[in-house]
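Visitor: Here it is, the structure, as structure tokens.
Every number here is computed from the coordinates shown, using simple stated rules; none is lab data. Because the structure is predicted, anything quoted here is derived from the model rather than measured. Neighbour counts run over all protein chains shown; Cβ positions are idealised from the backbone, glycine included.
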């Protein structure tokens, strides 16, 4: 085990400099540490430099700015969930955030960490994608925005290049009569990893017809997957049982899951349909209540 | 790399210590500060035995680097009793026999206090969910849940 340096820069520029100056692959960004410190403990990674980004103000806040809720990438979910603007605007994202781990984990884990850890089963990633969230990344060339839908490129891998780190997440405020929902299945009532997660966002017109929808599944493929066929089944309908059923079938068809101790391929395909139907119905009910 | 000088507050008292960059808050509390009330269980954030508060938020001290606590407030089990007077949660754990081997107990007490600080009148279900991050392999949990509900009632001043 080599010696390790710990740095806690106070500015984005200083963090970028530290990450850029480190030899490739030797530095890791620390937010809540609920994945990073475990990976270090079990010997999977052995970084020479830890850059703790929690002293950087841009990674900490949660506030509405320019038509979006801006969530600091390192903000712990326990604090995020207490923000009045979260549940009011994005009940589905709020329920996804509330599902991660225990209260102890919630005291540290962040949406930014959930995204950068790039687990196929991350709960908040599908919930962010259906909302059209953007990731703000800082790096040696300045800042750039990437849709969360394109951020994760495979299990454990992301679009982050050398010297870059995730600063914040920008979630556009919902249009009128729009709402989201996230449901997941785990084998026990609490403290487990998703067998399937399904996030749905819908927009209704004044007559209750769905005019826009997004459906994203978690834990059924190497990354969260968007299912445009399921969204297409919802759009133009009144979200009646037939439309929900077709969306569910599309979800099943889109799955590319694995067998593991939490569920078989067949089980995951079936549950994807059930959760998608229910999440779509829940989102629709919420949207209808937002006239 | 040399040791890191950390200035923090532990149970309200300004505290300084030296730590290695890799050292967790759990190990610094136990090995540098001799605050051995906080227990080591899984060391991967699953069992809650090492629960402490960081700026009032419940966390696993095994998943916090000691260096991260620079300028922050840490609360441990040692801060719960007032001198010789036990906190009502501690007293109720004794009365309800809510412990056997005792290794998980400090973590349960710290987690239960964090719950009651934000929710003075929790339902049984709320208590069970709030303590889902604390594992006990002896008691079967029921006595712990009853002790927490009883302590909550006492702290609210309910007479039964």
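Visitor: Ranked highest first by average number of other Cβ atoms within 10 Å, how do A:48-54, A:189-195, A:19-25 line up? Intermediate results must be reported in sequence, preceding the final value.
Guide: Details: A:48-54: 21.3, A:189-195: 17.3, A:19-25: 13.4.
So the peptides A:48-54, A:189-195, A:19-25, ranked by packing, come out A:48-54, A:189-195, A:19-25.
Visitor: Enumerate the whole-percent occupancy of each 5 Å bin, from 0 to the last occupied one, for all C-alpha pair distances of region A:1-94.
Guide: Values per bin, smallest distances first: 3, 12, 20, 19, 16, 13, 10, 6, 2, 0.
Visitor: Give the angle, between 0 and 90 degrees and rounded to the nearest 10, that separates the Cα long axis of helix A:265-288 from the longest principal axis of the Cα atoms of chain A.
Guide: 80 degrees
Visitor: Rank-order B:9-15, A:157-163, B:128-134 by packing density, defined as the average count of other C-beta atoms within 10 Å over each peptide's residues, highest first.
Guide: On the way: B:9-15: 13.7, A:157-163: 15.9, B:128-134: 21.1.
By packing density, highest mean first, the sequence is B:128-134, A:157-163, B:9-15.
Visitor: Continuing with the same structure: Mind checking the mean number of beta-carbon atoms from other chains within 10 Å of the Cβ atoms in B:53-64? Walk me through the intermediate numbers first.
Guide: Values: counts 1, 3, 3, 2, 8, 8, 12, 9, 1, 5, 13, 6.
Mean partner-chain Cβ count within 10 Å for B:53-64: 6.
Visitor: Evaluate peptide B:65-74: per residue, the Cβ atoms of other protein chains within 10 Å of its Cβ; return the mean as an integer.
Guide: Numbers: counts 10, 1, 6, 9, 0, 4, 2, 1, 0, 0.
Averaged over the peptide's residues, the number is 3.
Visitor: Compute the convex hull volume of the Cα atoms of region A:57-172, divide it by the residue count, and report the result per residue in Å³ as a whole number. All intermediate terms of the calculation are to be shown ahead of the outcome.
Guide: On the way: hull volume 11.1 nm³, N = 116.
About 96 Å³ per residue, rounded to a whole number.
Visitor: Here is a further query. Taking region A:114-203 as the region of interest, what is the percent of Cα-Cα pairs per 5 angstrom bin, listed from the shortest bin to the one with the maximum distance?
Guide: 3, 13, 21, 22, 17, 13, 8, 3, 1, 0
Visitor: Can you check how the C-alpha radius of gyration of region B:1-89 compares to 2.2 N^0.38 Å, as a plain ratio? Walk me through the intermediate numbers first.
Guide: Details: Rg = 12.6 Å, N = 89, 2.2 N^0.38 = 12.1 Å.
Against the compact-globule rule of thumb, the ratio is 1.04.
Visitor: Over chain A, calculate the relative contact order: mean separation of alpha carbon pairs under 8 Å at least 6 apart, over the residue count, as a percent.
Guide: On the way: 696 pairs, mean separation 45.9, N = 291.
RCO, chain A: 16 percent.
Visitor: Quick check: pseudo-label points 7 Å beyond the Cα along Cα→Cβ at residue B:9 and residue A:44, how many nm apart are they?
Guide: With each label point 7 Å from Cα toward Cβ, the separation is 3.6 nm.
Visitor: When ranked by the protection proxy of mean other Cβ atoms within 10 Å per residue, highest first, what sequence do the peptides B:63-69, A:144-150 form? Walk me through the numbers on the way to the answer.
Guide: Numbers: B:63-69: 25.7, A:144-150: 15.9.
Averaged packing, sorted descending, gives the order B:63-69, A:144-150.
Visitor: If every alpha-carbon in region A:171-238 counts as one equal scatterer, what log10 I(q)/I(0) does Debye give at q = 0.20 1/Å?
Guide: Rounded to two decimals, the profile gives -0.84.
Visitor: Taking every pair of distinct Cα atoms and averaging 1/r, then inverting, what Kirkwood hydrodynamic radius in Å comes out for region B:88-156? Intermediate values should be presented prior to the final figure.
Guide: Working: mean 1/r = 0.0867 Å⁻¹.
Evaluated over region B:88-156, this radius sits at 11.5 Å.
Visitor: Something else about it: For region B:95-160 and region A:4-61, write down the distance between their C-alpha centroids in whole Å.
Guide: First find each Cα centre; the distance between them is then 36 Å.
Visitor: Tell me the Kirkwood hydrodynamic radius of region B:82-123 in angstroms, computed as one over the mean inverse distance between distinct C-alpha pairs. Don't skip to the end; give the middle numbers.
Guide: Numbers: mean 1/r = 0.0902 Å⁻¹.
Final number for the Kirkwood radius of region B:82-123 is 11.1 Å.
Visitor: For every helix of n ≥ 4 consecutive DSSP H residues, a contribution of -39,500 (n - 2.57) applies; sum these over the protein assembly as shown, divide by its total residues, and give [θ] at 222 nm rounded to the nearest 500 deg cm²/dmol. Don't jump to the answer; show the numbers that get you there.
Guide: Values: 16 runs with 146 residues, N = 451.
That comes out to -9000 deg cm²/dmol.
Visitor: Continuing with this model, one more query. Connecting C-alpha atoms closer than 10 Å in a GNM of chain A, tell me which of A:254, A:96, A:230 has the biggest fluctuation.
Guide: Highest fluctuation among the options: A:254.
Visitor: Treating the angle as unsigned and between 0 and 90°, give the value, to the nearest 10°, between the Cα long axis of helix A:12-21 and the longest Cα principal axis of chain A.
Guide: So the helix axis and the longest Cα principal axis differ by about 70 degrees.
Visitor: What does the average come to when, for each residue of peptide A:216-225, you count the partner chain Cβ atoms lying within 10 Å of its Cβ?
Guide: Values: counts 0, 0, 0, 0, 0, 0, 0, 0, 0, 0.
Partner-chain Cβ atoms within 10 Å, mean over residues of A:216-225: 0.
Visitor: Against the longest alpha carbon principal axis of chain A, how many degrees, from 0 to 90 and to the nearest 10, is the axis of helix A:241-254 turned?
Guide: For helix A:241-254, the angle is close to 40 degrees.
Visitor: Shifting gears a bit: Please compute the contact order of region A:26-119 in relative form: average sequence separation of alpha-carbon pairs under 8 Å and at least six residues apart, divided by the residue count, as a percent.
Guide: Values: 131 pairs, mean separation 27.9, N = 94.
30 percent.
Visitor: So what's the gap between the Cα centers of region A:108-149 and region A:245-291, to the nearest angstrom?
Guide: Centre-to-centre distance over Cα atoms comes out at 22 Å.
Visitor: Still on this structure, I have one more. Can you give the FRET efficiency to the nearest 0.05 for residue B:85 and residue B:119, using r as the Cβ-Cβ distance and R₀ = 25 Å?
Guide: Details: r = 24 Å, r/R0 = 0.94.
Working from the Cβ atoms, E equals 0.60.
Visitor: How large is the convex hull of the C-alpha atoms of chain B per residue, in Å³? Could the numbers behind the result be given before it?
Guide: Working: hull volume 17.1 nm³, N = 160.
Roughly 107 Å³ of hull volume per residue.
Visitor: Order by neighbour count: A:28, B:3, fewest other Cβ atoms within 10 Å first, most last.
Guide: Working: A:28 21, B:3 13.
Ranking A:28, B:3 by Cβ neighbours within 10 Å, fewest first, gives B:3, A:28.
Visitor: Equivalent ellipsoid semi-axes for chain A, as square roots of 5 times the alpha carbon gyration tensor eigenvalues: give them largest first, rounded to whole Å.
Guide: Working: eigenvalues 222, 91, 48 Å².
Taking √(5λ) for each Cα gyration eigenvalue gives 33, 21, 15 Å.
Visitor: Counting other beta carbons within 10 Å of each Cβ, put A:167, A:38 in order, fewest first. Before the final figure, lay out the partial values.
Guide: Values: A:167 24, A:38 18.
Going from sparsest to densest Cβ surroundings: A:38, A:167.
Visitor: List the residues of region A:1-43 whose backbone N lies under 16 Å from a point placed 7 Å from the Cα of residue B:18 along the Cα-to-Cβ direction.
Guide: No residue qualifies, since no backbone N sits under 16 Å from the label point.
Visitor: For region A:159-281, take N as its residue count and report Rg(C-alpha) divided by 2.2 N^0.38 Å.
Guide: So the Cα radius of gyration is 1.14 times the expected 2.2 N^0.38 Å.
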